[in-house]
1. Suppose a student asked you for the relative contact order of the chain, using Cα pairs under 8 Å spaced at least 6 residues apart; what percent would you report?
2. Determine by what factor the alpha-carbon radius of gyration of segment 84-131 differs from 2.2 N^0.38 Å, reporting the quotient.
3. Which residue, chosen from Pro175, Leu94, Ile194, occupies the Cα position most advanced towards the positive end of the dipole of the chain, where the dipole is computed from +1 (Lys, Arg) and -1 (Asp, Glu) charges on Cβ about the Cα centre?
4. Would you work out the charge dipole size for the chain about its Cα centre, treating the Cβ of every Lys and Arg as +1 and the Cβ of every Asp and Glu as -1, and quote it to the nearest 20 debye?
5. Under the rule of -39500 (n - 2.57) per DSSP H run of 4 or more residues, summed and divided by the residues of the chain, what mean residue ellipticity at 222 nm is obtained, to the nearest 500 deg cm²/dmol?
6. Could you tell me what % of all Cα pairs in segment 3-194 have separations over 30 Å?
7. Could you list Arg120, Arg29, Arg164, Arg81 so that the one with the fewest beta carbons within 10 Å of its beta carbon is first and the one with the most is last?
8. Restricting to the chain, what percent of DSSP beta bridges are antiparallel, rounded to 5?
Amino acid sequence: MSILLVRHGETLLNAARTVQPADTPLGPRGLAQARSIANRLSAGNVRGIVSSDLPRALQTADAIAEACGLPVALEPLLQERNFGDLRGHAYDALGFDPLTFVGAPPGGESASEFRQRVARAFERIRLLRVAAAGDLVVVTHGLVIGALLDAHAHWPQTMTRPERLANTSLTILEPDKPHTVALANCTAHLVGPIEDDPLSLSGG
């Protein structure tokens, strides 16, 4: 009965290193990645699925739902950090790293506001995991998973926090406090042409 954190599949804007508008869908590789993680999870003990309502996460969750025969609960608190007017701009042309930017971009969230929202999301996850009476899959975004791992998970001495979270990577937390990390950023299901692109953006 674990918490299974899944980052969404690749989008064309991930690959192009562009800060993504909210309505960005999965690209062809991302759809294939979503089917692959879905096949992997269908062999487990998944009893519930909750997802960000942004298209790239929801498309990933829908693939998992179809493979597991379960519905998807939508949770807007799991949305990626809102980068406001920076969305649609090339990451490498901004002159700074928006993913670690502390302040609020015009029309967006500050790092503090984002962390507070993620904390509320994690409380929702904890309640849903109990109700699921089995493994709960949480489909969300790179920065959300990173914030969850930084503030709400315990890292055993044998593991280190990955700097980058891959598309459709699987991270597993134990269900009870301190929510020890049992698996981090695993992409064993991504083979050959659907392997994660290490140069794509890991958030935003």
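1. Relative contact order of the chain: 32 percent.
2. Compactness ratio reported: 1.51.
3. Of the listed residues, the answer is Pro175.
4. About 340 debye.
5. Working: 5 runs with 66 residues, N = 204.
Per the formula, -10500 deg cm²/dmol.
6. 14 percent
7. Going from least to most buried by this count: Arg120, Arg164, Arg29, Arg81.
8. Antiparallel bridges make up about 40 percent of those DSSP assigns within the chain.
Laboratory data are not the source of any read-out in this text; all were calculated from the coordinates shown. Please read these numbers as outputs of a predicted model, since none were measured by experiment. Here Cβ is always computed from backbone atoms with ideal geometry, including for glycine, and neighbour counts include all displayed protein chains.
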